[in-house]
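The values are calculated or read from the model by the stated rules, or taken from the named source; none is laboratory data. Keep in mind that what you see is a predicted model, and the values were worked out from it rather than measured. FYI the Cβ positions are ideal-geometry reconstructions off the backbone, even for glycines, and counts take in every protein chain you see. Just the protein is used for accessible areas: all its heavy atoms, side chains included, with ligands, DNA and RNA removed. Shrake-Rupley method; radii C 1.70, N 1.55, O 1.52, S 1.80 Å.
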Amino acid sequence: MSEKHRITTTRRNVLLGLGTVGLASAGAGLGTTAYFSDTESFLGNSLDAGEFDLRVRYVGQYNEAGEPMWGQSFGIIDGVDSIMGGAPASESAFGFVVDDLKPGDSGVGEFCFQIIDNPGYVTVSGEVTENDENGYTEPEPTTAADGDVNDPGDPDGEGELLDALQVAVSYSDGSYSDLNTGSPPTYLSGTAKGDVFEGSLREFFASEHLFDADPSTDAPDPVPGTDDATEFAEPCLLFELEVPTTAGNELQTDLLGFSVVFSAIQARHNTVVTSDVGSGFVDVAQSVNVNNGYGDDGEGFASKTITGRARHGDSAGAATYELATGTASPTGDQQQIDWAPSIGNTTDFAFTYDADAGDATLAIDGAAASTISGVSAPAGRIGLQAKADEATVAVENVQLSADGTPVTVVGPDEVTATNDGAGREIRYLVLETDAADLADGFEITGDLRLEVQGDFDGGHEDFGFDVVVE
């Protein structure tokens, strides 16, 4: 039998205790005057926080089809310290203002980055500020069949320009925005047009993109820090925008406003990984998904080290719904438990790998959990899969921490599979981690929403959420 005495430490108690110790020490010192003594001090301490200031050198111009380039703007984008053409300017002064856009028109802009003092990762994203049909002209179609696909027939609805405008984002050598060279836009040696992104402006704005300061290496590199305000890093980013000549009258009078946003985050003491989405099973090759009708993509994992599944399954217990965890060897789901999902509601999930214990656990809503022991250390990427047949499976707000430290994820943080008809939709979110990122343990958290339709027949894995670790 043991007995415990609880001491509650409040701020008042601590202060009183320290005061008592100080008085006792002073009292003891009153009767001792014969000891040698000496004091040395460590003086001159000073802490000066470094700088972290992103500056962007920019040159851009707009070109009407068949006419010379015009409307060139250039300068340094740096918040309230921005400069255009040698004079102070606001950030809003940079950009294209076009009042007569037509099929065949194009624009180009080069952005070069500088981070004062400390290295940092730069991300690129976008925001639509205005997207209006802006009324109809006589030849402009008003039905979806004729091209008015967004809010057809609504003069105050959404326009079609955001989908029609095509953008290619590439790595360039920086000579275009260096006004001392007078060079045309030039892709960085060893890279090609659209290496960062190629598609519609709507697709580009759908996620965040990571700028790689050295695209010749596998892992993304940060922009190096500098204390030289004239030094901008290379490569740079080249934006090419075009309204294709295949676009038609559906664009007439459409009004589009948008912003391109560059953000920087320190590289030191910070792990950064990218993410992407695709269709099909995450771990198989693209050809497997395409040939079997599962989807159009696939990451081709070398193997599956750990898996976790929440699904309409075949649990050996009484419930139809189950949580399961497993390993690559032996294959399959070794630990299955009954589960009562909250259909139609959003719940949280967590998938945890404990490197010290060699365990992996999938928990839903902080309660039901399946744990597998004896797992091998992860070897690479992490995939999150959503599978739906007459159902919807939405995985949102995904976050990753490694060894207890948050990891910065650049790119999509959600994926949704939904189906109302024949077949099953399978979509995935992949985190481009490597073995070193995950070696000391990791946790993935997020929100999970499951919905079933009235004709949901409840077959095996007619809905499912999987975590697959390479």
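Listing for the model above:
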{"item": "Unmet requirement for D389, which otherwise passes all of (1) closer than 18 Å to G326 by Cβ; (2) more than 23 Å from the chain's Cα centre (by Cα); (3) not aliphatic (A, V, I, L, M)", "result": "(1)"}
{"item": "Every pair of residues 6+ apart whose Cβ atoms lie under 7 Å, when the first sits in region 236-262 and is within 10 Å of L161 (Cα to Cα) and modelled with pLDDT of 85 or more while the second is of a type in the set (V, I, T) and not in a strand (DSSP E or B)", "result": "Q252/T137; T253/T137"}
{"item": "All positions within region 270-324 that are farther than 24 Å from G411 by Cα, modelled with pLDDT of 95 or more and of a type in the set (S, T, Y)", "result": "S287"}
{"item": "Residue satisfying all of: in region 446-465; more than 20 Å from N345 (Cβ to Cβ) and of a type in the set (D, E, K, R); least open to solvent (accessible area, probe 1.4 Å) among these", "result": "E461"}
{"item": "Residue in region 242-262 that is under 30 Å from D403 (Cβ atoms) and open to solvent by 50 Å² or more (accessible area, probe 1.4 Å) present", "result": "no"}
{"item": "Count - residues of region 88-122 that are among the polar types (S, T, N, Q), open to solvent by 10 Å² or more (accessible area, probe 1.4 Å) and modelled with pLDDT of 90 or more", "result": "0"}
{"item": "Test: G71 is of a type outside the set (S, T, Y), at pLDDT below 85, more than 30 Å from T253 (Cα to Cα) and loosely packed, with under 15 Cβ neighbours inside 10 Å", "result": "no"}
{"item": "Test: residue in region 342-351 that is touching a residue at least 60 places away in the same chain (Cβ under 8 Å) and touching a helix residue (DSSP H, G or I) at 6+ places or on another chain (Cβ under 9 Å)", "result": "no"}
{"item": "Residue in region 331-347 that is in a loop (DSSP other than H, G, I, E, B), within 24 Å of S275 (Cβ to Cβ) and not charged (D, E, K, R) present", "result": "no"}
{"item": "Residue list for region 177-201, filter: open to solvent by less than 20 Å² (accessible area, probe 1.4 Å) and either under 22 Å from S73 (Cβ atoms) or touching a helix residue (DSSP H, G or I) at 6+ places or on another chain (Cβ under 6 Å) (or both)", "result": "S177, S200, L201"}
{"item": "Tally, over region 337-349, of residues that are surrounded by 18 or more Cβ atoms within 10 Å (Cβ to Cβ) and within 24 Å of the chain's Cα centre (by Cα)", "result": "1"}
{"item": "Meets criteria (touching a Gly at 6+ places or on another chain (Cβ under 9 Å), polar (S, T, N, Q) and open to solvent by less than 60 Å² (accessible area, probe 1.4 Å)) for N270", "result": "yes"}
{"item": "Failed item in (1) within 20 Å of Q114 (Cα to Cα); (2) open to solvent by 60 Å² or more (accessible area, probe 1.4 Å), with T142 passing the rest", "result": "(1)"}
{"item": "Subset of region 86-124 that is among the small types (G, A, S) and either closer than 20 Å to E158 by Cβ or outside any strand (DSSP E or B) (or both) - its residue that is farthest from the chain's Cα centre (by Cα)", "result": "G86"}
{"item": "Qualifying residue in region 185-197 (condition: in a loop (DSSP other than H, G, I, E, B) and free of Cβ contacts under 8 Å to residues at least 12 places away in the same chain)", "result": "no"}
{"item": "Residue that is surrounded by the fewest Cβ atoms within 10 Å (Cβ to Cβ), among those in region 213-231 that are in contact (Cβ under 8 Å) with a residue 24 or more places away in the chain and hydroxyl-bearing (S, T, Y)", "result": "S216"}
{"item": "Failed item in (1) in contact (Cβ under 8 Å) with a residue 12 or more places away in the chain; (2) open to solvent by 60 Å² or more (accessible area, probe 1.4 Å); (3) in contact with a helix residue (DSSP H, G or I) (Cβ under 7 Å, 6 or more places away or on another chain), with V167 passing the rest", "result": "(2)"}
{"item": "Residues (crowded, with 23+ Cβ neighbours inside 10 Å, hydroxyl-bearing (S, T, Y) and either modelled with pLDDT under 95 or not in a strand (DSSP E or B) (or both)) located in region 408-445", "result": "T433"}
{"item": "Any hit, region 366-385, residues being part of a loop (DSSP other than H, G, I, E, B), among the basic types (K, R) and more than 23 Å from F205 (Cβ to Cβ)", "result": "yes"}
